[in-house]
1. For region 201-215, which residues satisfy the criterion of being within 14 Å of residue 137 (Cβ to Cβ), in contact with a strand residue (DSSP E or B) (Cβ under 8 Å, 6 or more places away or on another chain) and away from the ligand (no atom under 16 Å from the Cβ)?
2. For residues that are among the aromatic types (Phe, Trp, Tyr) and away from the ligand (no atom under 13 Å from the Cβ), scanning just region 160-200, find the one that is nearest to residue 73 (Cα to Cα).
3. Does any residue in region 226-255 that is farther than 18 Å from residue 296 by Cα come within less than 7 Å, Cβ to Cβ, of a residue that is outside any helix (DSSP H, G or I) and acidic (Asp, Glu) six or more places away or on a different chain, and which pairs are these?
4. Considering region 117-133 alone, what residues qualify as being under 27 Å from the mean Cα position of the chain (by Cα) and exposed (fewer than 14 other Cβ atoms within 10 Å of the Cβ)?
5. I'd like to know if region 223-230 contains one or more residues that are within 30 Å of residue 35 (Cα to Cα) and within 16 Å of the ligand (Cβ to nearest atom).
6. Here are some residues: 281, 276, 262. Which one is without any contact (Cβ under 8 Å) to a residue 24 or more places away in the chain and of a type outside the set (S, T, N, Q)?
7. Collect the residues in region 1-43 that are of a type in the set (A, V, I, L, M), more than 16 Å from the chain's Cα centre (by Cα) and under 30 Å from residue 312 (Cα atoms), keeping them in residue-number order.
8. Testing residue 136 on (1) outside any helix (DSSP H, G or I); (2) among the aromatic types (Phe, Trp, Tyr); (3) within 15 Å of the chain's Cα centre (by Cα), one condition comes back false. Which one is that?
Amino acid sequence: MITNDVKYIGVNDHNIDLFEGQYIVPNGMAYNSYIIMDEKVTIMDSVDANFKDEWLDNIKNILGDKSPDYLIVQHMEPDHSANIHEFALAYPEATIVATDRAFVMMGKFFGTDYADRRIVVKDGDTLSLGKHNLSFCLAPMVHWPEVMMTYDSTDKILFSADGFGKFGALDVEEDWACEARRYYFGIVGKYGAQVQAVLKKAANLDIQIICPLHGPVLKENLGYYLDLYNTWSSYKVESEGTLICYTSVYGNTKKAVDMLADELKANGCPKVVINDLARCDMAEAVEDAFRYGKIILATTTYNGDIFPFMRNFIHDLVERGYKNRKIGIVENGSWAPVVKNKITKMFENCKDLTFSDTVVTIHSALNDESREQIKQLAKEMA
Ligand code: FEO
């Protein structure tokens, strides 16, 4: 139970291998759904297709043979919308509430936009359930165009759609920020400006509880979560430290990275984090890149371009609007190193990036000259 009238009817998924077809979720995933018990009984969102029966049973266990009055659809990504049509068939008297864009998507997913049993809502519209008054806050491109959030002014709950969500099922204890940050930068990170717009609207509301579509219901210390979302969506540096991301084919670039890490520490760098991009979880490396203010990219020339894992990593940063960071480069090439120029070219449309004056160039293996460059780069980055 979340409040006297609001109950949890979501599910935990421990069978999933990749969330959204790409993110590993070692602790599974939760698809949250809620029921508001009032004169008009209201369901907030559905769950993933694999959990249709469990979700409908959760509703039935609370309502018995009674029908809900409303299904509010805040987001049409199938991890939340997959069972709308099953719900509509199970409860033919219920009305579906969503934005016009969401109804267009329902037409595409289900072949019907429920024209005879729907309420189309716009930003600022309200819906009275009896005791509970809901108002709708559109959140376009956080991270789909049809997204809206819903504020219950009676229990002071913000139903935040994917916002404030995280990876991980609810029956596993784990740190919130780590998996929320990986989720945010992986899935929502490109849309910082849109998240900022929603946070500004939310600042005018008295929010006591946040009910997201993934991860735990947040009831205490909400300032902590709101501050982190403000930091992430404004691309500010969250933690002091330097991140080194590297690839190494035969170990020579790794030797340079090890020496660089030692030199950074010797120069007083408070924290050095290292990711081997060929072996780590790429989403973890991406969240680290947005967490720290300084990043060093160490990689080889390969087929006249940047080594593939590094090229993909930089692409992931650029498409998420990477900015406001300092970047150092270590390049390795046995006959024609091109990495420095290729990397700066990939970042050319990113704002507020600075590159270190020192670039370390290794020709196959470390020598006195490249060791000296590493010492110089460490001084500059620390
Ligand atoms: Fe959790 Fe964007 O769906």
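1. Of everything in region 201-215, those that are within 14 Å of residue 137 (Cβ to Cβ), in contact with a strand residue (DSSP E or B) (Cβ under 8 Å, 6 or more places away or on another chain) and away from the ligand (no atom under 16 Å from the Cβ) turn out to be 201, 202, 205, 207.
2. Pass one, region 160-200, residues among the aromatic types (Phe, Trp, Tyr): 164, 167, 176, 183-185, 191.
Now drop any that are not away from the ligand (no atom under 13 Å from the Cβ), which leaves 176, 185.
On the way: 176: 25, 185: 24 Å.
Among those that are among the aromatic types (Phe, Trp, Tyr) and away from the ligand (no atom under 13 Å from the Cβ), it is 185.
3. That search, which allows pairs on different chains as well, returns 231/238.
4. 122, 123, 124 - these are the residues of region 117-133 that are under 27 Å from the mean Cα position of the chain (by Cα) and exposed (fewer than 14 other Cβ atoms within 10 Å of the Cβ).
5. Yes, the conditions are met somewhere in region 223-230.
6. Matching residue, one of 281, 276, 262: 262.
7. 16 - this is the single residue of region 1-43 that is of a type in the set (A, V, I, L, M), more than 16 Å from the chain's Cα centre (by Cα) and under 30 Å from residue 312 (Cα atoms).
8. All conditions are met except number (3).
The values are calculated or read from the model by the stated rules, or taken from the named source; none is laboratory data. On a predicted model such as this, the values are computed, not experimentally measured, just so you know. Note: ideal-geometry Cβ built from the backbone for every residue, glycine included; neighbour counts use all protein chains shown.
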